[in-house]
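**Q** For reference, the structure I am asking about is given below.
The values are calculated or read from the model by the stated rules, or taken from the named source; none is laboratory data. Model, not experiment: these values are computed from the prediction. Because the Cβ atoms are built from the backbone with ideal geometry, glycine has one as well, and the counts that use them run over all protein chains shown.
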Amino acid sequence: MAQDGSSRSVNSLQGKLLVSSPSLVDPNFRKTVVLVAHHDDEGAMGLVLSRPSDVAAADAVPLLDAWKKEKADEFRELYAFDPTVAETQVAKLARVRRERDDRAARAALRRLSDEARGPVNLMEAIVEAVKAYATLGEVNRAMKDVFGEHKEAVQW
């Protein structure tokens, strides 16, 4: 029975991941991924997975640690972050920017922005910018400055 005395029940989200919408402005949940650990008619409890914590998961939810030990052979590392890879990529990006013809890259990005304001297909301007070694971020910014950024409407 629900807290309000009705006999309605909820479809449990237990075990599901909730990913926040970009338009969510509540600082407690902005840019979060939450694992729903419990969900029933009386309420829900979840673990925020996308923020560092000083508390170990096993200390916060001992049952989770026991479950993990029970399922240890099923666990796989999904993503191992190697900081040297990021450092290498940042160094490569700096080298590209240093060695490219910056005037040509800027001209190609200006053309892309100008053409984005009109009715033409942008593929040719994008290819020109890429051939001039404009970065993905620079191409993105040239179009975002014209088109803006999509904001998903919040629906409750």
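**Q** Can you name every residue in region 7-26 that is modelled with pLDDT under 80 and within 23 Å of Glu149 (Cβ to Cβ)? First the steps, then the outcome.
**A** Taking region 7-26 first, the residues modelled with pLDDT under 80 are 7-10, 22-25.
Listed by number, the residues that qualify are Pro22, Ser23, Leu24, Val25.
**Q** Only one of these is among the hydroxyl-bearing types (Ser, Thr, Tyr) and either surrounded by fewer than 10 Cβ atoms within 10 Å (Cβ to Cβ) or part of a loop (DSSP other than H, G, I, E, B) (or both): Ser53, Ser113. Name it. It would help to see each step written out before you state the result.
**A** Values: Ser113 fails: either surrounded by fewer than 10 Cβ atoms within 10 Å (Cβ to Cβ) or part of a loop (DSSP other than H, G, I, E, B) (or both).
Only one candidate passes the filter, namely Ser53.
**Q** Now for a separate question. Please go through region 127-156 and give me each residue that is under 24 Å from the mean Cα position of the chain (by Cα), surrounded by 13 or more Cβ atoms within 10 Å (Cβ to Cβ) and hydrophobic (A, V, I, L, M, F, W, C), ordered by number.
**A** Answer for region 127-156, where residues must be under 24 Å from the mean Cα position of the chain (by Cα), surrounded by 13 or more Cβ atoms within 10 Å (Cβ to Cβ) and hydrophobic (A, V, I, L, M, F, W, C): Ala134, Val139, Ala142, Met143, Val146.
**Q** Is there any pair linking a residue in region 127-152 that is without any contact (Cβ under 8 Å) to a residue 12 or more places away in the chain to one that is assigned to a loop (DSSP other than H, G, I, E, B), with Cβ under 9 Å and at least six apart or on different chains, and which?
**A** Glu149/Pro22; His150/Pro22
**Q** Being surrounded by 14 or more Cβ atoms within 10 Å (Cβ to Cβ) and part of a helix (DSSP H, G or I) is the filter here, so list the residues in region 97-110 that pass it.
**A** Arg97, Ala104, Ala105, Arg106, Ala107, Ala108, Leu109
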